[in-house]
1. Only loop residues by DSSP count here, and only those with at most 11 other Cβ atoms within 10 Å; note down the GluC sites (Glu not before Pro) in the stretch 1-66 that meet that.
2. Straight-line reach from K145: which aspartates and glutamates have Cα under 17 Å away, leaving out those fewer than 8 places along the same chain?
3. Relative contact order for the chain using alpha-carbon pairs under 8 Å, separation at least 6, rounded to a whole percent?
4. Taking C-beta distances below 4.7 angstrom as the pairing criterion, name the unpartnered cysteines of the chain, in sequence order.
5. What lysines does K53 reach when the alpha-carbon gap must be under 22 Å and sequence neighbours fewer than 8 apart in one chain are set aside?
6. To make sure I understand the rule: partners must be lysines, Cα under 20 Å from the Cα of K12, and not fewer than 8 residues away in the same chain. Which ones qualify?
7. For the chain, what does the helix formula give at 222 nm: sum of -39500 (n - 2.57) over DSSP H segments with n ≥ 4, over the residue count, nearest 500 deg cm²/dmol?
8. Of the trypsin sites (Lys or Arg not before Pro) in the stretch 1-72, which ones lie in a loop per DSSP and count no more than 13 other C-beta atoms within 10 Å?
Amino acid sequence: MKCPYCGHLDNKVIDSRLNKEATITRRRRSCLSCDQRFTTYERLEVMMPVLVKKDGRREPWDRQKIVVGLEKACEKRPVSRDTIDLFVDEIEHSLQDLGSKEVPSSVIGEWVMENLSRLDEVAYVRFASVYRQFKDVNEFMDELKTLLDSRNEE
């Protein structure tokens, strides 16, 4: 593991811990050259399906794209980074459960939309405004009405 401070390759592991689900190993390391400490995370690499975009392009799954989109939607909201990570973990598990080599990106967008409203309604509206590409205020209001109606049904 390359030290982020000096670039030296030799370091020692001081502490290792698993997350609650035992899917990620957090390692605390110390550089043998500059003595700086840093943390690394190890996650099992699973073959994820290729995403088929609206225009037909194919892209490999990129967890970070979903995380960044959710962070923007949840900005200044009471949603922790850990909660976002768990949210994306669930999406990844759902993708793996599909067992497909290719998945339309719209499927993932819909999964996010379905579950984000339960996590934080303001984040849901923010995400929806970008994902659904509202053209005017009326479309935005229609989405809000749908959200309110589904909330009243519960």
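1. Numbers: sites: E21, E42, E45; in loops: E21, E45.
Answer by residue number: E21, E45.
2. E114, D120, E121, D136, E153, E154
3. On the way: 169 pairs, mean separation 23.7, N = 154.
Relative contact order of the chain: 15 percent.
4. Lacking a cysteine Cβ partner under 4.7 Å: C74.
5. Of all the lysines, those that pass the test against K53 - Cα under 22 Å, at least 8 places apart if same chain - are K65, K72, K101, K135.
6. K2
7. Working: 5 runs with 72 residues, N = 154.
The helix contribution divided over the chain gives -15000 deg cm²/dmol.
8. Numbers: sites: K2, K12, R17, K20, R26, R27, R28, R29, R37, R43, K53, K54, R57, R58, R63, K65, K72; in loops: K2, K20, K53, K54, R57.
Loop-located and lightly packed - K2, K20, K53, K54, R57.
Taken together, the values in this text are just the output of simple stated rules run on the coordinates, not laboratory data. Remember, predicted model here, so these are calculated numbers, not experimental data. Heads up, the Cβs are rebuilt from the backbone with ideal geometry, glycines too, and the neighbour counts pull from every protein chain shown.
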